[in-house]
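The values are calculated or read from the model by the stated rules, or taken from the named source; none is laboratory data. Treat the numbers as computed from the prediction; the structure is a model and nothing was measured. Every residue, glycine as well, gets a Cβ built from its backbone with ideal geometry; the counts of neighbours run over all protein chains shown. These accessible areas exclude ligands, DNA and RNA; they are computed on the full protein's heavy atoms, side chains included. Shrake-Rupley method; radii C 1.70, N 1.55, O 1.52, S 1.80 Å.
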Amino acid sequence: MKDKLIKLVNELKYLALVFLFLVILFKAVFYKESITIVLKSAWGLFYMFLLPGFFIVYYWHDKLDFIERIIIGFPTSAVIIGVSSYYLGISGIHVKYHVIIPLILILAGLVITIIKKDGGNNEST
Amino acid sequence: MNVFNKNLYEIIVLISIIYAALFLGAGNTLDHIIEHDRPYGYLASDAFWHEIYAEGIKETGSYKTYVPYIEGGFDDVVANNPPVLPHLAVMFSFVTGLNLFDAEILLVYLIAIVALLVFFMIIRRTNSFLAILSIPLALLLFKDKFSTVYTWGIWTYLSSTMFIISFAWSIDRLDMKKISLLMGLFLTGTIIGYFSNFIYSVGFIIFYFAIIFLLTHKLQISKLKEVGKGIIYAMLFSSYYLYIFYFTLYKTFGQLRGIIKASEFTGYRIPLITDLKWMGIIILVGFLSYLVFTKKKLRIVYLFPIFMFIASFANYIGFEKRALTVRYFWPVYLSVFFGLVFFMLINFIKIKQKTLIAVGISLGLIVSLSFYDYNNYSGSIMDPYHWEAFKWIGSNVNEGEEMLYFYSYALEQTAILMYGRTIPYIIRIKDLSPFIEAWAVPRNITMKIVKEAVAYIPYKKGPFSFGYHGKETPKEFWNPNRDICSFDYILIDKVQNEKVTQDYNQMVIGKLMESGNELVFNNPFSVIIKIQDKGDCV
């Protein structure tokens with residue numbers, strides 16, 4: 001478990017670099033846009049799709065490398081958030097409160113990672 | 001292990017393709033600005049409809065029913081358009097603070113880029129050099145007819161395509177523990193994103209396992225069990241939407257249609273094989289090379305694109321636009337055969353620096369395909385003058401007051417009328433023509449209520465019984481003959497593309513103003529007149 005958490009902490013540094021990359025990418029593409037809007041947009045992408053997806057897919061960290069987990073984390077997060085928001089809305093919880101869903105997913109992913117029992121082989125593909 | 005050391009050449013190519021894709025797609029269309037003063041990059045009615053569904057969710061807090069003003073005032077219409085994208089857009093808007101129309105179109109482009117990256121991962125599992133040589137072709141997603149999907153609003157198909165490709169990724173990972181859960185989530189995305197992609201997912205499962213069985217005589221029971229679990233999860237996660245879908249979209253439009261050729265379809269700009277141009281020849285060579293030289297032919301990386309290519313011709317068995325829209329992702333699906341040509345060439349020529357050569361070719365392809373057939377698609381059919389008018393209407397026309405839109409060429413994409421947030425009555429040119437000929441102000445005239453009517457405007461009668469306002473209300477309800485003086489406000493465009501209608505509209509404005517009505521809004525393009533005497537305003 002200690003190795004798993006050390007690996008996770010190391011990868012959080014890469015996550016920070018991913019966020020920095022997003023900011024630079026958005027500014028390079030949307031060069032006419034203000035830095036404030038660029039930062040907000042990059043943060044939205046990061047908070048809604050990349051962070052929750054990363055922590056959920058971390059369950060398979062021994063099978064998938066960092067790049068693959070970041071990429072597949074996006075659709076994972078998108079479908080969970082989209083479906084959850086749909087059902088929560090129908091059950092009467094106003095959509096403006098659904099912004100907390102990504103945070104719940106991040107925490108859930110962390111908990112699952114911590115309680116998951118590792119198999120023997122931790123080698124990434 | 002340092003991710004950069006191991007994957008540096010991949011990271012270089014990925015950064016390049018992501019930058020190029022975002023620049024050519026969202027950057028190009030949105031004029032390199034994220035936040036606009038009006039819906040920008042929206043070039044057809046369908047794009048506006050998707051944004052309007054999302055606006056309804058933001059307004060009401062849920063997607064139980066549509067907002068009444070998009071359905072002729074009915075407040076019980078069951079929301080049935082696929083819900084994933086509008087919910088993601090609303091949340092993205094809340095989190096970023098962006099206007100919803102900016103958030104949604106940006107999200108659409110990001111989803112396309114993620115879809116191509118997931119496919120990159122599928123190819124990469126076979127060979128990472130093959131992946132970096134293949135993925136540049138995906139830049140065609142933002143060129144010519146393939147780019148129609150963003151600006152014309154074919155968005156539910158697009159969002160679901162990310163999920164079907166992710167599903168294919170999960171099929172290639174059936175050795176992973178609990179992968180059925182991820183598979184179930186991605187299949188849910190196809191169901192709640194665009195149901196046809198779920199049909200194709202199931203079709204691919206049958207195709208894939210049937211081919212493996214035919215060629216190897218092995219029925220992979222354990223893998224089939226995982227797939228079965230995935231389908232069950234998907235059914236559970238999407239159960240409520242499946243119930244809605246059955247009684248709405250399926251019952252009204254779920255049947256197979258007649259055969260239609262791609263070149264005859266008029267709804268969208270459908271890509272043809274000839275639109276692949278010289279790249280199509282390379283793809284064909286790659287496919288032939290796959291048949292002749294590739295040893296591991298049964299890999300998902302080859303079978304999935306083959307299946308989706310076949311599926312894109314299902315218009316010949318009645319799938320109509322549900323098959324034709326698959327073609328928009330040919331640049332992704334067929335990229336593996338494109339890359340295979342360069343991959344085999346590099347392996348054939350015995351050189352030492354294969355990594356450098358592969359990266360060089362990949363980057364060269366990215367640059368050349370970026371500049372190839374470069375076009376600027378920026379703009380919007382929502383001009384700033386009408387946007388200003390709609391914002392005025394939304395803020396000043398009270399509940400219970402009625403708004404009439406006089407005929408205008410600028411309002412022919414009628415979805416934009418929904419931004420007035422009031423039931424839109426519009427006078428059509430065919431009904432106005434006799435009055436133009438007579439040079440008379442129309443009093444009693446047939447008009448049209450603009451509405452969303454994809455599934456005949458369904459409503460719940462009971463738990464398993466739905467009615468359809470679109471079928472049950474008489475035609476006269478949606479095309480009433482009314483006195484223009486019975487409205488509270490009338491919007492008339494002073495500017496038209498033809499002199500006769502422009503002069504006519506200005507005559508009508510003049511007559512209404514002479515009769516004592518109040519000019520409450522005026523900009524260089526449009527006026528809004530408040531009717532003072534509903535009995536006799538002209």
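Overview of results
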read-out: Evaluation of B:Asp75 against (1) crowded, with 21+ Cβ neighbours inside 10 Å; (2) more than 10 Å from chain A (Cβ to nearest Cβ); (3) without any contact (Cβ under 8 Å) to a residue 12 or more places away in the chain (one fails), failing number; value: (1)
read-out: Test: residue in the stretch A:59-72 that is within 29 Å of B:Thr29 (Cα to Cα), more than 7 Å from chain B (Cβ to nearest Cβ), under 16 Å from the mean Cα position of the chain (by Cα) and open to solvent by less than 10 Å² (accessible area, probe 1.4 Å); value: no
read-out: Single residue of the stretch B:51-64 satisfying the filter (open to solvent by 20 Å² or more (accessible area, probe 1.4 Å) and in contact (Cβ under 8 Å) with a residue 40 or more places away in the chain) that is nearest to A:Phe30 (Cα to Cα); value: B:Glu55
read-out: Single residue of B:Ala115, B:Ala89, B:Ala103, B:Ala47 found to be in contact (Cβ under 8 Å) with a residue 60 or more places away in the chain, buried (at least 19 other Cβ atoms within 10 Å of the Cβ) and facing another protein chain (nearest Cβ under 10 Å); value: B:Ala115
read-out: Condition met for B:Leu24 (in contact (Cβ under 8 Å) with a residue 24 or more places away in the chain, under 29 Å from B:Glu452 (Cβ atoms) and within 11 Å of chain A (Cβ to nearest Cβ)); value: no
read-out: Among residues of the stretch B:375-393, those that are of a type in the set (Phe, Trp, Tyr) and without any contact (Cβ under 8 Å) to a residue 60 or more places away in the chain, counted; value: 1
read-out: Among the candidates A:Tyr86, A:Tyr31, A:Tyr97, residue that is touching a His at 6+ places or on another chain (Cβ under 8 Å) and surrounded by fewer than 18 Cβ atoms within 10 Å (Cβ to Cβ); value: A:Tyr31
read-out: Among (1) modelled with pLDDT under 95; (2) assigned to a helix (DSSP H, G or I); (3) within 10 Å of another protein chain (Cβ to nearest Cβ), the one test that B:Met1 misses; value: (2)
read-out: Tally of residues being of a type in the set (S, T, N, Q) and either crowded, with 16+ Cβ neighbours inside 10 Å or under 30 Å from B:Lys58 (Cβ atoms) (or both) across the stretch B:409-444; value: 3
read-out: Any hit, the stretch B:403-415, residues being within 26 Å of the chain's Cα centre (by Cα) and aromatic (Phe, Trp, Tyr); value: yes
read-out: Wholly within the stretch B:78-145, helices (runs of 4 or more DSSP H) carrying at least 2 residues that are among the basic types (Lys, Arg) and within 17 Å of B:Tyr42 (Cβ to Cβ); value: none
read-out: Single condition B:Met418 does not satisfy, out of (1) outside any helix (DSSP H, G or I); (2) closer than 22 Å to B:Asn398 by Cβ; value: (1)
read-out: Which numbered condition B:Ile366 fails, given (1) part of a helix (DSSP H, G or I); (2) farther than 30 Å from B:Asp31 by Cα; (3) touching a helix residue (DSSP H, G or I) at 6+ places or on another chain (Cβ under 7 Å); value: (2)
read-out: B:Ile509, sole failed condition from (1) in contact (Cβ under 8 Å) with a residue 60 or more places away in the chain; (2) crowded, with 20+ Cβ neighbours inside 10 Å; value: (1)
read-out: Subset of the stretch B:311-327 [touching a helix residue (DSSP H, G or I) at 6+ places or on another chain (Cβ under 8 Å), among the small types (Gly, Ala, Ser) and assigned to a loop (DSSP other than H, G, I, E, B)]; value: B:Ser312
read-out: Set B:Val292, B:Val326: member being surrounded by 20 or more Cβ atoms within 10 Å (Cβ to Cβ) and among the hydrophobic types (A, V, I, L, M, F, W, C); value: B:Val326
read-out: Cβ pairs under 7 Å, 6+ apart, first in the stretch A:84-95 and more than 7 Å from chain B (Cβ to nearest Cβ) and within 12 Å of B:Val84 (Cα to Cα), second of a type outside the set (Lys, Arg) and open to solvent by less than 50 Å² (accessible area, probe 1.4 Å); value: A:Ser84/A:Ile101
read-out: Test: residue in the stretch B:306-324 that is farther than 26 Å from B:Trp155 by Cβ and either at pLDDT below 90 or over 22 Å from the mean Cα position of the chain (by Cα) (or both); value: yes
read-out: Residue in the stretch B:145-153 that is in contact with a Pro (Cβ under 8 Å, 6 or more places away or on another chain), open to solvent by 40 Å² or more (accessible area, probe 1.4 Å) and over 20 Å from B:Ala89 (Cβ atoms) present; value: yes
read-out: Flag if A:Leu110 is more than 10 Å from every other protein chain (Cβ to nearest Cβ), surrounded by 18 or more Cβ atoms within 10 Å (Cβ to Cβ) and aliphatic (A, V, I, L, M); value: no
read-out: Candidates A:Leu22, A:Leu39, filtered to the one that is at pLDDT 95 or above, facing chain B (nearest Cβ under 10 Å) and either outside any helix (DSSP H, G or I) or surrounded by fewer than 18 Cβ atoms within 10 Å (Cβ to Cβ) (or both); value: A:Leu39
read-out: Number of positions in the stretch A:1-19 that are free of Cβ contacts under 8 Å to residues at least 12 places away in the same chain and not β-branched (Val, Ile, Thr); value: 6
read-out: Meets criteria (loosely packed, with under 14 Cβ neighbours inside 10 Å and under 18 Å from B:Thr414 (Cβ atoms)) for B:Asn481; value: no
read-out: Where a residue in the stretch B:445-457 is open to solvent by 10 Å² or more (accessible area, probe 1.4 Å) and its partner, wherever it lies, is basic (Lys, Arg), with Cβ under 6 Å and at least six apart; value: B:Lys448/B:Arg428; B:Tyr456/B:Lys471
read-out: Any hit, the stretch B:369-380, residues being surrounded by 15 or more Cβ atoms within 10 Å (Cβ to Cβ), at pLDDT 95 or above and not in a loop (DSSP other than H, G, I, E, B); value: no
read-out: Residues satisfying the stated conditions in the stretch B:502-538, i.e. over 19 Å from B:Leu417 (Cα atoms), modelled with pLDDT of 95 or more and touching a helix residue (DSSP H, G or I) at 6+ places or on another chain (Cβ under 8 Å); value: B:Tyr504, B:Leu519, B:Ile531
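For (1) more than 22 Å from the chain's Cα centre (by Cα); (2) within 11 Å of another protein chain (Cβ to nearest Cβ); (3) of a type in the set (Ser, Thr, Tyr), each residue gets a yes or a no:
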residue	(1), (2), (3)
B:Asn7	yes, yes, no
B:His36	no, yes, no
B:Ile57	no, yes, no
B:Tyr63	no, yes, yes
B:Ile70	no, no, no
